[in-house]
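Input: a single structure, listed below in structure tokens.
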Amino acid sequence: MNVKRMKSLLLLFSILTICAILCACDTSHGPADTTADAVTDTSTDTPTDAPVEAPTAPEAEAPTETEPETEPETEPEPEVLVSAPAPKRILDQLAGRVSPRWISSVCMQVTLPEQDIDTVKDAFQKEGYILAATTPAHGTKLGTAVLKSLEHTVTLIETADGSLHVLWEKADAVTTDPLYAIHNPEQGDVVMAQIGIARGDQKDNPMIGMCYVYRLSDGTALIIDGGVNNVDCSLNLFRTLQQLDVARDEDGKYRIAVWIFTHGHSDHMGTFKQFSVQYGDRTDLTYVMYSFPTDAVAPKGNTTGEEFAEIVRASYPNAKRVSPHAGLTYFFGNLAVHMLYAPELLYNSPEGVNYYNTTSLLFRIEANGQSVLHMGDASEAASKAAWVNSETAAFKSSALQITHHGLYTGPDSHDWGYMRKLYNATDAEIGLLPMGTRNPRDARNGRHTVLVGWGNAGYQVSFVINRQDSHSGQALDQGYFDRFVAEVAAGTNKKPTIFGYDGINTVKNRSGMVTYISASEDAPMATVFTLGEGGFTVVSNEKLDTWLGE
């Protein structure tokens, strides 16, 4: 080996040796220290009062308060429902032996005037019930809480006068999903159609029927009532789903997000019977919302909860039942349903419920800043209960559905003071009046009776009319009214319209509110609106057959 190569090898060996020594001394790449960083200990054994020579250090800044370090936010673990004692057992221990009543086929109720909502809520939570987060209805004065166990769902409602209603249902009989649903982030216009009712063999008109269909921004439908039990009415409803271009699932079925029934009278829920037979295999229903009372708490309607539940199960076995309760908000897509009144508020009151229309739900639908107050056939008593348990703002709406087809609403036909308060509080520019076609064989019916006769007599429909009108001094008898309507239809009328009535289906009152009736004298009508950022807008108003393309 030559000298030059020997020197190269010695140099390489020296470099490798130096690198090895340096690596052994370097601790920066060693195993991570699992303890806290060491703090330099500057203390000495010298007594603290002894003079100590120390180098001059910069003046320390005052310590600043810093936020503690936190772990990245994660979704909280969901609370687990557990088995818990039955509601009655808990209430017996809390308030003495209670006597609940069945108020519907799935719901029991007891009223505790001496208990407050927090005390009862705490008692249920101590027994294992979970307090579910819910959204109160807009403007409600009601205190509400929903508690759940594996076996039961309990709803607490504390009224403005301090009464506490405790309601419970078996968890497998109802669902509370719409209470916690998040608004569909996809925003867009909601379309609503007021659909006239095919009278069929019904004789009692215009006290007949009600049907509203909403198409939500996700394309699904929300239906309110529907009308009477006949083939034509159910066909018109199905064709409305087609005309509104309601979304369909992968099997081609029209998707109904929820079907709400205001009460159990046949001219409101009857269509569902025929519709489910004819079109149950062509539609999909996710939720059905209703609360038809038992005979123990209200006069009998046209169906019982058990009968209706069987009809639902037969055609829509996967549909989930929602029991509506006052003071809560239910969410469907980008639409909210604020439940301002449900009859449970009056079942255990001193007056009770002795008039079936008092069992009608009263709620406000809201979407895109627009709203509709739906009253179904709600009575004066129902309106009073809603009024005293709500702020005035709860009723402010773009549109008002006139209750009970504009007719009387209780034993005292002229008693509508609280309904008048509700009507005025809406400050609505649009009125919706579910009213059937005129039956020529029944002298009680027709626009003359409702708009003129009852209006002058002081019935609540006079809110729509809002003034007395002698019509140029002419006697407002049936014959004159018939001639007026005929002249309007022929285009030869030169007289002022009676109470703003156009002879077809609109009425304009003194304050400027325009009310659309769901039928003309002789034909069902279809009036379509959009609820969008631009307002509550009328899209079309024409005969139902024309709108459906016949």
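The values are calculated or read from the model by the stated rules, or taken from the named source; none is laboratory data. Remember, predicted model here, so these are calculated numbers, not experimental data. Here the Cβ is made from the backbone with ideal geometry for all residues, glycine too, and neighbour counts use every protein chain on show.
When the residues of the stretch 384-413 are filtered to those that are of a type in the set (Ser, Thr, Tyr) and at pLDDT below 95, the one that is nearest to ALA137 (Cα to Cα) is THR403.
Taking the listed residues SER379, SER398, the one that is in contact (Cβ under 8 Å) with a residue 60 or more places away in the chain and assigned by TED's automatic domain parsing to the domain that holds VAL528 is SER398, with no other qualifying.
Every residue, every condition in (1) crowded, with 23+ Cβ neighbours inside 10 Å; (2) of a type in the set (S, T, N, Q); (3) not assigned by TED's automatic domain parsing to the domain that holds ALA382, yes or no:
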| site | (1), (2), (3) |
| --- | --- |
| PHE332 | yes, no, no |
| ALA342 | yes, no, no |
| SER349 | no, yes, no |
| ASN357 | yes, yes, no |
| LEU361 | yes, no, no |
| ILE365 | yes, no, no |
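Those strands (runs of 3 or more DSSP E) of the stretch 257-343 that lie entirely within it include none in which at least 2 residues are under 12 Å from the mean Cα position of the chain (by Cα) and free of Cβ contacts under 8 Å to residues at least 24 places away in the same chain.
On the stretch given as the stretch 126-145, residues that are in contact with a His (Cβ under 8 Å, 6 or more places away or on another chain) and not in a loop (DSSP other than H, G, I, E, B) total 2. If you check THR134, THR159 for being farther than 29 Å from TYR356 by Cα and either surrounded by fewer than 19 Cβ atoms within 10 Å (Cβ to Cβ) or in contact with a Leu (Cβ under 8 Å, 6 or more places away or on another chain) (or both), only one passes: THR134. Going by the conditions given, is GLY227 of a type outside the set (A, V, I, L, M), closer than 19 Å to GLY406 by Cβ, buried (at least 21 other Cβ atoms within 10 Å of the Cβ) and free of Cβ contacts under 8 Å to residues at least 60 places away in the same chain? When the stated conditions are applied, GLY227 passes them.
The number of residues in the stretch 365-383 that are within 25 Å of ASN302 (Cα to Cα) and either acidic (Asp, Glu) or out of contact with any Asp or Glu (no Cβ under 8 Å at 6 or more places or on another chain) (or both) comes to 9. If you go through the stretch 154-179 and pick out every residue that is of a type in the set (Val, Ile, Thr) and closer than 18 Å to THR111 by Cβ, you end up with 5. Any residue at all in the stretch 499-507 that's small (Gly, Ala, Ser) and under 27 Å from LEU216 (Cβ atoms)? The answer is no; no qualifying residue exists. Note on the stretch 414-462: among residues that are among the basic types (Lys, Arg) and more than 29 Å from the chain's Cα centre (by Cα), the one that is modelled with the lowest pLDDT is ARG444. In the set (1) among the charged types (D, E, K, R); (2) in the same structural domain as TYR290 (by TED's automatic domain parsing); (3) in a loop (DSSP other than H, G, I, E, B), the condition left unmet by ASP232 is number (3).
Within the stretch 492-550, restricting attention to residues that are part of a strand (DSSP E or B) and without any contact (Cβ under 8 Å) to a residue 60 or more places away in the chain, the residue that is surrounded by the fewest Cβ atoms within 10 Å (Cβ to Cβ) is SER540.
Residues that are at pLDDT below 95 and part of a helix (DSSP H, G or I): does the stretch 191-210 have at least one? Scanning the stretch 191-210, I find no residue that is at pLDDT below 95 and part of a helix (DSSP H, G or I), so the answer is no. Only one of the numbered conditions (1) within 23 Å of GLU310 (Cβ to Cβ); (2) at pLDDT below 95 is violated by ASP218, and that is (1).
Going residue by residue through the stretch 108-118, is there one that turns out to be among the acidic types (Asp, Glu) and touching a residue at least 40 places away in the same chain (Cβ under 8 Å)? Explain how you work it out, then say what you get.
Applying the first criterion (among the acidic types (Asp, Glu)) to the stretch 108-118 yields 114, 116, 118.
Next, from what is left, pick out any that are touching a residue at least 40 places away in the same chain (Cβ under 8 Å): 116.
So far as the stretch 108-118 goes, yes, one or more of its residues are among the acidic types (Asp, Glu) and touching a residue at least 40 places away in the same chain (Cβ under 8 Å).
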